[in-house]
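What follows is one structure encoded as structure tokens, with my remarks underneath.
The values are calculated or read from the model by the stated rules, or taken from the named source; none is laboratory data. The structure presented is a predicted model; accordingly, all values stated were derived computationally and were not measured. No Cβ is skipped: glycine too gets one built from the backbone with ideal geometry, and neighbour counts run over all protein chains shown. Protein only, heavy atoms only, side chains kept; ligands, DNA and RNA dropped before computing areas. Shrake-Rupley method; radii C 1.70, N 1.55, O 1.52, S 1.80 Å.
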Amino acid sequence: EPEVTQTPSHQVTQMGQEVILRCVPISNHLYFYWYRQILGQKVEFLVSFYNNEISEKSEIFDDQFSVERPDGSNFTLKIRSTKLEDSAMYFCASRLEGGGETQYFGPGTRLLVL
Amino acid sequence: AQSVTQLDSQVPVFEEAPVELRCNYSSSVSVYLFWYVQYPNQGLQLLLKYLSGSTLVKGINGFEAEFNKSQTSFHLRKPSVHISDTAEYFCAVSGGSNYKLTFGKGTLLTVNP
């Protein structure tokens, strides 16, 4: 069964450093999402991406965040200058256009900012 | 705007007992409703969903949920739980053109022998 994959599974970085989280969505899906889950809190929407552009973003998704689909298979989330409060589990999800609105999630990347 | 309230943060039950995990939502538009499960150190797995039609939906692993529009609820049930059902369960709604998901805070189901 096709699945969403994410790399790395864990990343530790120093405050102020840039990180890139990578996702490979399900191959025929057209809508892509990033969510995050701070430890002990709910899963929160960050951004949605369709047709090579951001279709919606949350208040959390400020100028330090960016997304890209560089090669038609990968979907990346970049955090330019990490802060302590960026420590969280980051989930990528994808959805098939017109496909029952189900989002399929990857296993997540646990980011720890020191 | 959409919101989801999961009324119980933790639900401990004994094996083979029935369980109900409660979820209420609010939205100004029509929504789709989902339950996701997260096993320890794993991602989110779709358990079941309500899009339209019959208000009783069946999912994987013997779970089912009932959509109640008048009470804006989507409670998850299982008649007999197993140890392996121990996990965090998230209720979520989606709506609007991008179908982003709005999640509840989750309910930790712990099944004891």
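Would you point out the residue of the stretch A:75-108, among those that are of a type in the set (Val, Ile, Thr) and touching a Lys or Arg at 6+ places or on another chain (Cβ under 8 Å), that is nearest to A:Arg22 (Cα to Cα)? So that I can check it myself, show each step before the final result.
Going residue by residue through the stretch A:75-108, those that are of a type in the set (Val, Ile, Thr) are A:76, A:79, A:82, A:102.
Okay, now just the ones that are also touching a Lys or Arg at 6+ places or on another chain (Cβ under 8 Å), so A:76, A:102.
On the way: A:Thr76: 5, A:Thr102: 21 Å.
Per the stated criteria, the residue is A:Thr76.
Using the structure shown, decide if B:Gln2 is free of Cβ contacts under 8 Å to residues at least 40 places away in the same chain, open to solvent by 40 Å² or more (accessible area, probe 1.4 Å) and within 19 Å of A:Lys42 (Cβ to Cβ).
Judged against the criteria, B:Gln2 is not a match.
Considering each of A:Ser94, A:Ser48 in turn, give the residue that is without any contact (Cβ under 8 Å) to a residue 24 or more places away in the chain and touching a Phe, Trp or Tyr at 6+ places or on another chain (Cβ under 8 Å). Don't jump to the end; show me each part of the working.
Numbers: A:Ser94 fails: without any contact (Cβ under 8 Å) to a residue 24 or more places away in the chain.
Being without any contact (Cβ under 8 Å) to a residue 24 or more places away in the chain and touching a Phe, Trp or Tyr at 6+ places or on another chain (Cβ under 8 Å) holds for just one of A:Ser94, A:Ser48, which is A:Ser48.
Matching residues to (1) in contact with a Gly (Cβ under 8 Å, 6 or more places away or on another chain); (2) within 12 Å of another protein chain (Cβ to nearest Cβ); (3) open to solvent by 50 Å² or more (accessible area, probe 1.4 Å); (4) in a loop (DSSP other than H, G, I, E, B):
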| residue | (1), (2), (3), (4) |
| --- | --- |
| A:Leu21 | no, no, no, no |
| A:Tyr35 | no, yes, no, no |
| A:Phe45 | no, yes, no, no |
| A:Phe49 | no, yes, no, no |
| A:Ile54 | no, yes, yes, no |
| A:Pro70 | no, no, yes, yes |
| A:Lys78 | no, no, yes, no |
| A:Phe91 | yes, yes, no, no |
| A:Ser94 | no, yes, no, no |
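Could we say that A:Asp86 is over 13 Å from the mean Cα position of the chain (by Cα) and over 24 Å from B:Lys49 (Cα atoms) here?
Values: over 13 Å from the mean Cα position of the chain (by Cα): no; over 24 Å from B:Lys49 (Cα atoms): yes.
Here the answer is no, as A:Asp86 does not meet what is asked.
Filter the stretch B:27-49 down to residues that are more than 11 Å from chain A (Cβ to nearest Cβ) and surrounded by fewer than 13 Cβ atoms within 10 Å (Cβ to Cβ) and give me whichever is farthest from B:Asn98 (Cα to Cα).
Residue satisfying both the conditions and the ranking: B:Pro40.
Out of everything in the stretch A:56-68 that is touching a Phe, Trp or Tyr at 6+ places or on another chain (Cβ under 9 Å) and assigned to a loop (DSSP other than H, G, I, E, B), what residue ends up being most open to solvent (accessible area, probe 1.4 Å)? Break it down stepwise before answering.
Just the residues of the stretch A:56-68 that are touching a Phe, Trp or Tyr at 6+ places or on another chain (Cβ under 9 Å), to begin with: A:56-58, A:60-61, A:65, A:67-68.
Still in the list and also assigned to a loop (DSSP other than H, G, I, E, B): A:58, A:60-61.
On the way: A:Ser58: 27, A:Ile60: 43, A:Phe61: 13 Å².
The qualifying residue most open to solvent (accessible area, probe 1.4 Å) is A:Ile60.
Would you tally the residues in the stretch B:12-22 being on the phi < 0 side of the Ramachandran plot and either open to solvent by 50 Å² or more (accessible area, probe 1.4 Å) or touching a Ser or Thr at 6+ places or on another chain (Cβ under 6 Å) (or both)?
The first filter runs over the stretch B:12-22 and keeps only residues on the phi < 0 side of the Ramachandran plot, leaving B:12-15, B:17-22.
Checking which are either open to solvent by 50 Å² or more (accessible area, probe 1.4 Å) or touching a Ser or Thr at 6+ places or on another chain (Cβ under 6 Å) (or both) leaves us with B:12, B:14-15, B:18, B:20-22.
Qualifying residue count, the stretch B:12-22: 7.
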